[in-house]
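Report on the structure given below.
The values are calculated or read from the model by the stated rules, or taken from the named source; none is laboratory data. Predicted, not measured: the structure shown is a model, and the values here were computed from it. Note: ideal-geometry Cβ built from the backbone for every residue, glycine included; neighbour counts use all protein chains shown.
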Amino acid sequence: MCGFIGIIGAEGGNVVQQIYDGLLAIQHRGQDAAGILTFDGNRYHLVKGAGLVRDIFVESNTGALKGSVGLGHVRYPTIGAGNGEDAQPFFITAPYGVAMAHNGNVINYASLKEDLHRRDHHHLNSSCDVEIILNVFARELRKQNADALTPEVIYRAVQAVFDRVEGSYSVVAHVIGGGLVAFRDPHGIKPIIMGERRAGDDVAYCIASESVVLDMLDFHHTYNVQPGEAVFIDLDHKLHKKRLVEAEHRPCIFEWIYFARPDSFIDKVSVYKTRLRLGENLGDRWLAAGAPKPDVVIPVPESARPAAIAMAHKLDVPYREGLVKNRYIGRTFIMPGQVNRRLFVRQKLNAIHLEFEGKDVLLVDDSIVRGNTVKELIDIARLAGAKKVYFASYSAPLAYPCFYGIDMMTRGEFIARNRAVETIRQLIGADYLFYQDVDDMIRAAKEGNPELQQFCTACFTGEYPTGALPEELLEAIERERMIIQQEFAFEPRRTPQGQPQRF
């Protein structure tokens, strides 16, 4: 899961400050690496590197990022280098000059890489799958050899991506001599939203992963790019869009559960309101099941707060902030390697003992993946003096790998896989464990936008929008993922203070 921004028509002719501010707003979507690319009417300028946005982009290296068109990206690694080499955006100089950033995961990466090398003699210099999408898109542009980059030329290039690239992807790109391009995979698994800002006759456009970017940068009249749709903003800042592929819309349910900011809207659905509804549903089910009544409900910050508030209201018990988060520690879910995850839980959260001492405590969190983080949280609660520790997840049991861009890609990573709830409870050390129901998850999100009928719930149900993966491909992905985990297990996580790469 990554975050991206694309802007065309920046006021004052300089886009870098807006891209920087927008990346700060979506830093939660990726903390491994970041990059900003601009176009000054003549050439691309690019700064990217490993670490956080604030550490990579400083006055000494952003001065060269000139231009009124730009792309920005924050990276969350699932497969690939963790040292900044796979940081986006990427660009190629021919044909025309094309730059690109994306969020998602290409399932047929290996076969497309081999095909591009064998048929087209393209050498890919990274393990980042946006390079695959970029080369497929550019190959079709080259094949057309058009004198003018009309909307139809752009549409055919996007269609080539839809025809060849399998998986999830929301993409923003820039073509020199053409303009800004955006498109979304045929199932619309990953989010992408567009807004505009007008000043007299001038209009600027911003395309981003979350609506919070548009709010921060004062873009309005938002539009969610549709599944299988291509959007093209030409050099005159005229907007063109066309639905190229019709398929069932299946946005990732995990956006509302965990990834997106609570102040964002994903496909017209409020993240905050959805989490409130998830908490209400969970509270109703807790009561219906005759589960023990806690003395207090405490959220695991940050994402669980709305659900915990709603659940406490349903149970008619006090809501308390009993865990204090160190805001200078990253999100543990997206930390590569188990050694790092367990260490960062203790560094990240500390208990307010007065809220735990002598109480039966209900901890509410968004999900349970491997179980290590939950076990640490329960240990923290007991050390703070809790009599009993109950645990509720406002998502259903995670049991299947995600191949669409979330860091859970091997079947052995899930504590809930082939285990009963009672067994999981014993393994994590809780006095009581309760999960949300898949149907209630869908109902909570669907209520915000009745147009959404289906969601990607593959990590809960094993039903993949793009179809089941062949066993040999599944095993290959798992082998690669295990190699990466082993590397991080024996190497300390790099602090985000390395020197940015310049290109």
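Take the residues in the range 99-125 that are under 23 Å from L474 (Cβ atoms) and more than 20 Å from the chain's Cα centre (by Cα), then tell me which one is modelled with the lowest pLDDT. I'd like the intermediate steps shown before the answer.
Step one: list which residues in the range 99-125 are under 23 Å from L474 (Cβ atoms), which gives 102-116, 124.
Subset that is more than 20 Å from the chain's Cα centre (by Cα): 110-116, 124.
Working: A110: 86, S111: 89, L112: 91, K113: 89, E114: 90, D115: 88, L116: 87, L124: 82.
Per the stated criteria, the residue is L124.
So that you can scan it fast, the table gives a plain yes or no per residue for (1) closer than 29 Å to Y20 by Cβ; (2) in a loop (DSSP other than H, G, I, E, B):
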site: G72; (1), (2): yes, no
site: Q88; (1), (2): yes, yes
site: M100; (1), (2): yes, no
site: S111; (1), (2): no, no
site: F137; (1), (2): yes, no
site: L149; (1), (2): yes, yes
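Here L239 meets each of (1) more than 19 Å from the chain's Cα centre (by Cα); (2) crowded, with 21+ Cβ neighbours inside 10 Å with one exception, condition (2).
The numbered conditions (1) in contact with a His (Cβ under 7 Å, 6 or more places away or on another chain); (2) surrounded by 23 or more Cβ atoms within 10 Å (Cβ to Cβ) are all true for V374 except (1). The number of residues in the range 417-436 being in a loop (DSSP other than H, G, I, E, B) and at pLDDT 95 or above comes to 6.
Contact map, the range 280-291: residues that are in the same structural domain as A312 (by TED's automatic domain parsing) and over 12 Å from D440 (Cβ atoms) paired with residues that are surrounded by 14 or more Cβ atoms within 10 Å (Cβ to Cβ) and among the aromatic types (F, W, Y), Cβ distance under 9 Å, separation 6+ or inter-chain. Pairs shown: A289/F434; A291/Y390; A291/Y432; A291/F434.
Picking from residues in the range 443-461 that are surrounded by fewer than 12 Cβ atoms within 10 Å (Cβ to Cβ) and either at pLDDT below 90 or not charged (D, E, K, R) (or both), the one that is nearest to A399 (Cα to Cα) is Q453. Might you check whether a residue that is over 17 Å from R382 (Cα atoms) and modelled with pLDDT under 95 occurs anywhere in the range 309-321? The answer is no; no qualifying residue exists. For the range 120-174, taking the residues that are small (G, A, S) and out of contact with any strand residue (DSSP E or B) (no Cβ under 6 Å at 6 or more places or on another chain), the one that is surrounded by the fewest Cβ atoms within 10 Å (Cβ to Cβ) is identified as A148. Name every residue in the range 1-43 that is in a helix (DSSP H, G or I) and either without any contact (Cβ under 8 Å) to a residue 60 or more places away in the chain or β-branched (V, I, T) (or both), in order of residue number. Once the filter is applied, which keeps residues that are in a helix (DSSP H, G or I) and either without any contact (Cβ under 8 Å) to a residue 60 or more places away in the chain or β-branched (V, I, T) (or both), the range 1-43 yields G12, G13, V16, Q17, I19, Y20, L23, L24, Q27.
The single condition among (1) more than 26 Å from the chain's Cα centre (by Cα); (2) in a helix (DSSP H, G or I) that A160 does not meet is (1).
Would you check which residues across the range 430-445 are farther than 13 Å from I368 by Cα and touching a residue at least 24 places away in the same chain (Cβ under 8 Å) and list them? Matches in the range 430-445: D431, Y432, D437, V438, D440, M441, I442, R443, A444, A445.
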